[in-house]
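The structure under discussion appears below in the form of structure tokens.
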Amino acid sequence: KVKRSGKNGFRFFDAELNAHHRQRVSLENDLHGALEREEFELYFQPQVSLAQRRVVGMEALLRWNHPLQGQIGPSTFVPVAEETGMIGEISRWVLHQACRQLMKWREAGHVDLRMSLNLSPHDFDHPDMVQEVLSIVDRYHIPPAHLELEITESMMMQDTEAAAAKVRALRAAGLGVAIDDFGTGYSSLSYLQQFPVNCLKIDRSFVRELSGPMINPIISAITGIARGFGLHLIAEGVEQVEQVRVLRSLGCDTMQGYYFAHPAAATEAERWLITPPCALA
Ligand code: C2E
Ligand code: MG
Ligand code: MG
Ligand code: MG
């Protein structure tokens, strides 16, 4: 679909491709100033403990309330923000907002609650990243252990030593670091020694395959890894009661997914702190 136009490059002539490209460019333009126009919003999804029968954590999930296109999810615009170098500013905003919300919930008495948020691999390129995280945590009076940063395996594969040093520094300061979508990347298990994370999140693609009494060998392997390394385990994308049963039988206690609650705005998410999701009853 790409036609060569002389030795210097390619000329796009396909109308569809052109439309796609225009959409991408307009998204990129709109993304500039979206922070200033206050178009971003954090949603929160509970992480529940079966044993404790309560919400033990909230994951902050970014939403973009686009003035014309309505709400846009992070899978659409985070890659654009990463490519254009805007992700750093956005991540800083997410950190502030997530910590501010946790502070409010702590002030309302929910002092055992943890907050998780997602970082981009690009955030680890900034030399001051660790200092910045620590100063924000401090500013909102958050005990470091109550904030968990979710990273992906892809982050551990690029510029390994510099990134590992940052993870070690964050952990040494008491912050939680979780590997998101664990098992979907190409990292080797030896990274678990170099990156002293404290939590693994089982990707929902593995949870989805759990139905009936069938045990997915990947999930049982991941639970074994978590146990062996002494890591906390969270299953994500839990949608059905059978999945809860199988995960529980494998020793996984903390879960997140539509079965318990969808991500929601802060005021709605707050209700689950007072009355836990009915699926826990
Ligand atoms: P993630 O961190 O793995 O987040 C889980 C995603 O699964 C969320 O999608 C959530 O809404 C969705 N989800 C939760 N429970 C269920 C379920 O039971 N079934 C299904 N099918 N889906 C479920 P969302 O909010 O669209 O976020 C997508 C991804 O975007 C996130 O995946 C994360 O990698 C990234 N992301 C989200 N917020 C941020 C952010 O603030 N910064 C950065 N850099 N990335 C973010
Ligand atoms: Mg996540
Ligand atoms: Mg995930
Ligand atoms: Mg995911």
Helix-only [θ]222 nm of the chain, DSSP H runs n ≥ 4, -39500 (n - 2.57) each, per residue, nearest 500: -12000 deg cm²/dmol
Viscosity 0.692 mPa s, temperature 37 °C: what is the translational diffusion coefficient of the stretch 187-281 from Stokes-Einstein with a Kirkwood Rh over Cα pairs, rounded to a whole number of µm²/s? 228 µm²/s
Student exercise, the stretch 95-169 dipole from Lys, Arg, Asp, Glu Cβ charges, in Debye to nearest 20: 400 debye
Calculated SAXS-style log₁₀ I(q)/I(0) at q = 0.13, 0.15 Å⁻¹ - the chain, Debye, Cα scatterers: -0.94, -1.21
Trypsin sites (Lys or Arg not before Pro) restricted to the stretch 36-142 and DSSP loop, no more than 15 other C-beta within 10 Å: ARG37, ARG53
What does the charge count near ASN65 come to, summing +1 for each Lys or Arg and -1 for each Asp or Glu among other residues with Cβ under 11 Å from its Cβ? -1
Go ahead and set up a Gaussian network model of the chain, Cα springs under 10 Å, then flag whichever of VAL167, VAL130, VAL241 fluctuates most. VAL241
Cα coordinate range in the stretch 1-159, projected on the principal axes (Å, largest first): 65, 37, 33
To test your reading of the geometry: what angle, between 0 and 90 degrees and rounded to tens, separates the Cα axis of helix 217-229 from the longest principal axis of the chain? 70 degrees
Of ALA15, ALA226, ALA261, the one that fluctuates the most in a GNM where the chain has Cα springs shorter than 10 Å: ALA15
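Quick note: the coordinates plus some simple rules give every number you see, no bench work behind them. This one's a predicted model, so the numbers in the text were calculated from it and none came from an experiment. Quick reminder, even Gly has a Cβ in these numbers, built from the backbone with ideal geometry, and neighbours come from all protein chains shown.
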